[in-house]
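Undergrad: Here's a structure for you.
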Amino acid sequence: MDTTAKAHWDQVYGNRDEAELTWFEEMPEISASLISAYAKPDAHVIDIGAGASRLVDLLITRGYQRLHCLDLSQAGLDVSRARLGDKAQSVDWIVADVTRWTPDPGLYALWHDRAAFHFLTDPDQRAAYVAVMAAALQIGGHAVIMSFALDGPERCSGLPVQRYDPATLAAMLDAQAPGAFALVASQMHAHHTPSANTQAFQISVFRRVG
Ligand SMILES: C[S@@+](CC[C@H](N)C(=O)[O-])C[C@H]1O[C@@H](n2cnc3c(N)ncnc32)[C@H](O)[C@@H]1O
């Protein structure tokens, strides 16, 4: 595990209220709607870099029964666990660096990542991430990847990020795992931070095809 990155994120979640974080969403409706479009409530759904996101709350409310939340930061996941109370017991909480994680092969129908992948600025880390994603997703499963867009901020939480549009993201995935992922949908999104700044995101959906 990357202890420097882990310490950074544990400090972020330990020192600030979730609702003050620039990436906070009260109702992660775009994510939840996309997940509903591509995965049934009995499917295994994993949120990569879940942190303290309220997506897990929304998915539980909508009947999802096999939820997995993965994050480098124990402190981030603990915020969600505390918020959920007894409902947290139904969720699989995984503290791991996604680039070094070994998934159950082909278990997952849906891989969701909002603003975690874009922190991988090193090509070797990106290659490792794509290999893990390819191993985790069942054939016919989907990955929803949300990152800062080409005109989005250059940094997030004080760290540099790699920005994408759907085409550059698709090309990157294809270079790492040729023929494994097909881009099936994309949209742009303006996220409004708690301090009323606007951040340009791209949202891409890929199908695991081969
Ligand atoms: C900007 S936050 C977004 C959190 C959440 N997805 C949301 O939308 O609220 C990025 C998250 O990615 C996590 N993260 C960063 N690098 C990671 C890695 N290599 N493996 C797992 N999680 C990571 C951080 O701990 C943090 O919780």
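The values are calculated or read from the model by the stated rules, or taken from the named source; none is laboratory data. If you're wondering where the values come from, they're calculated on a predicted model, not measured in any experiment. Glycine also receives a Cβ, built like all others from the backbone with ideal geometry; neighbour counts cover every protein chain displayed. With ligands, DNA and RNA removed, areas are computed over all heavy atoms of the protein, side chains included. Shrake-Rupley method; radii C 1.70, N 1.55, O 1.52, S 1.80 Å.
Undergrad: If I compute solvent accessible area with a 1.4 Å probe over the protein chains, what percent of it on the chain is carbon and sulfur?
TA: The C+S portion of the solvent-accessible surface of the chain is 51 percent.
Undergrad: Ordering Asp113, Asp104 from largest to smallest accessible area (1.4 angstrom probe), what's the sequence?
TA: Highest to lowest solvent-accessible surface, that is Asp104, Asp113.
Undergrad: Separate question: For a quick check of understanding: with a 1.4 angstrom probe and all protein chains in place, what accessible area in square angstrom does Lys6 have, to the nearest ten?
TA: Accessible area of Lys6: about 50 Å².
Undergrad: Continuing with the same structure: As a test of reading the structure, rank His112, His44 by solvent-accessible area (1.4 Å probe, protein chains only), most first.
TA: Greatest to least solvent exposure: His44, His112.
Undergrad: Say the dipole of region 5-98 comes from +1 at the beta carbon of Lys and Arg and -1 at that of Asp and Glu; which of Gly14, Thr61, Ala39 then lies farthest toward its positive end?
TA: Checked the options; the winner is Ala39.
Undergrad: If you take every DSSP beta bridge whose two residues both sit in the chain, what share of them, in percent to the nearest 5, is antiparallel?
TA: 50 percent
Undergrad: Name the shape class, rounded, prolate or oblate, that the alpha-carbon gyration tensor gives for region 1-111, where a ≥ b ≥ c are the square roots of its eigenvalues, rounded holds for a/c under 1.5, and otherwise prolate holds if a/b is larger than b/c and oblate otherwise.
TA: Taking the square roots of the gyration eigenvalues as a ≥ b ≥ c, region 1-111 is oblate.
Undergrad: Would you work out the charge dipole size for region 39-115 about its Cα centre, treating the Cβ of every Lys and Arg as +1 and the Cβ of every Asp and Glu as -1, and quote it to the nearest 20 debye?
TA: 220 debye
Undergrad: Continuing with the same structure: Quick check on region 52-208: take the gyration tensor over C-alpha atoms, sort the square-rooted eigenvalues as a ≥ b ≥ c, and tell me if it's rounded (a/c under 1.5), prolate or oblate.
TA: oblate
Undergrad: Keeping all protein chains in place, calculate the accessible area per residue for the chain (probe 1.4 angstrom), answer in Å².
TA: 44 Å²
Undergrad: So, counting K/R as plus one and D/E as minus one, what does the shell of residues with Cβ under 15 Å around Lys6 add up to?
TA: Around Lys6, the charge tally is -4.
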